Amino acid sequence: MGNKIAVLASGNGSGFEAIYNGIKDKELDASVEVVISNNTNAPVLQKAKELGIDNFLINKTTVPQGEDPDKKLEEILDRYECDYIFLSGFMKKIPDSIVGKYSQRIINSHPSLLPKYGGKGMYGSFVHEAVVKNKETQTGVTIHFVNEVYDEGKIILQDSVEVKKDDTPSTLEERVKEQEKKTIIKALKKVFES
């Protein structure tokens, strides 16, 4: 049995789908053990349910009053004994206690060539809007380890995507997402082999 992965996602979880397909197509020697979201309406939870993968919604409204959602998150991660945690558009900072416990085992996908367009508030369409507005000619995908500072962990792999003159933030986002699926697989292979 390969590497056990926990996926944390706040939305569609396109990274989760890429990993799931990579496992199904035998590109990755791994399994997604659990999917966790902090967003009640996250489509990723339904996708996980349909695929028979354990899934949890953890936020202030789902934990008993007075309990800490971060503690609950840590409990679930510990229970599933995952080798890696993959962040697929997870819109919440990972608590330092989890970052410390899973050092060099929490992996994030970011839709730009870090350090450009990284940091607090730089996620999803905000990144692509900034790239187009600044008339960049290149953007891309960065897969990196997570540390205590947003988007500053050690880079595992980067792939570039050309910014075309007539790109809008949404056309650019589409191409970056396509590239991201491939980059995630390549980066995980690299991590698993190291």
Segment 8-63 - Rg and Dmax from Cα coordinates, angstrom: 11.6, 38
Long-range amide H partners of residue 114 with built H, under 5 Å: 142
Rg [Å, one decimal], Dmax [Å, integer] - segment 103-180, C-alpha atoms: 12.1, 41
Hz values of 3J(HN,Hα) by residue in segment 55-60 - Karplus curve (6.51, -1.76, 1.60), Gly and Pro given as x: 8, 9, 10, 10, 7, 4
Inter-label distance for residue 179 and residue 126, nm, one decimal - labels placed 7 Å from Cα along Cα-to-Cβ: 2.1
Computed FRET value (nearest 0.05) for residue 152 with residue 54, which takes r as the C-beta separation and R₀ as 30 Å: 0.45
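If you rank 92, 26 by how much accessible surface each has, with a 1.4 Å probe, what is the order from largest down?
Largest to smallest exposure gives the sequence 26, 92.
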Solvent-accessible surface (1.4 angstrom probe) belonging to residue 29, in square angstrom, nearest 10: 110
DSSP H segments from the chain that extend 27 Å or more along their own axis, Cα-based, with Kyte-Doolittle mean of -1.0 or above: 169-193
Where only alpha carbons of segment 1-107 are counted, the Rg and the Dmax (Å): 13.2, 44
Within the chain, helix-based [θ] at 222 nm, where runs of 4 or more DSSP H residues each add -39,500 (n - 2.57), nearest 500: -11500 deg cm²/dmol
q = 0.13, 0.14, 0.16 Å⁻¹, the chain: log10 I(q)/I(0) [Debye, one scatterer per Cα]: -0.67, -0.77, -1.01
Subset of 47/181; 60/189; 120/181; 26/72 violating a 25 Å alpha-carbon distance limit: 60/189; 26/72
Under the Debye formula (equal points on every Cα, no solvent term), log10 I(q)/I(0) of segment 119-163 at q = 0.15, 0.19, 0.21 Å⁻¹: -0.43, -0.67, -0.80
Loop-located GluC sites (Glu not before Pro) in segment 1-85, at most 16 other Cβ atoms within 10 Å (DSSP): 27, 67, 81
Separation of the residue 24 and residue 101 label points, Cα + 7 Å toward Cβ, nm: 3.1
Positive minus negative residues near residue 167 (Lys, Arg vs Asp, Glu; Cβ under 13 Å): -1
Whole-Å semi-axes of the ellipsoid equivalent to segment 136-191 (Cα gyration tensor, √5λ, descending): 23, 13, 9
Cα-based shape type of segment 36-88, given that a ≥ b ≥ c are square roots of the gyration tensor eigenvalues and the cut on a/c is 1.5: oblate
Simple label model, 7 Å out from Cα along Cβ direction - residue 160 to residue 91, nm: 3.2
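The values are calculated or read from the model by the stated rules, or taken from the named source; none is laboratory data. Note that the structure is predicted; figures quoted are calculated from it, not measured. Don't worry about glycine lacking a Cβ; one is built from the backbone with ideal geometry, like all the others, and counts go over all protein chains shown. Keep in mind that these areas ignore ligands, DNA and RNA; they rest on the heavy atoms of the full protein, side chains included. Shrake-Rupley method; radii C 1.70, N 1.55, O 1.52, S 1.80 Å.
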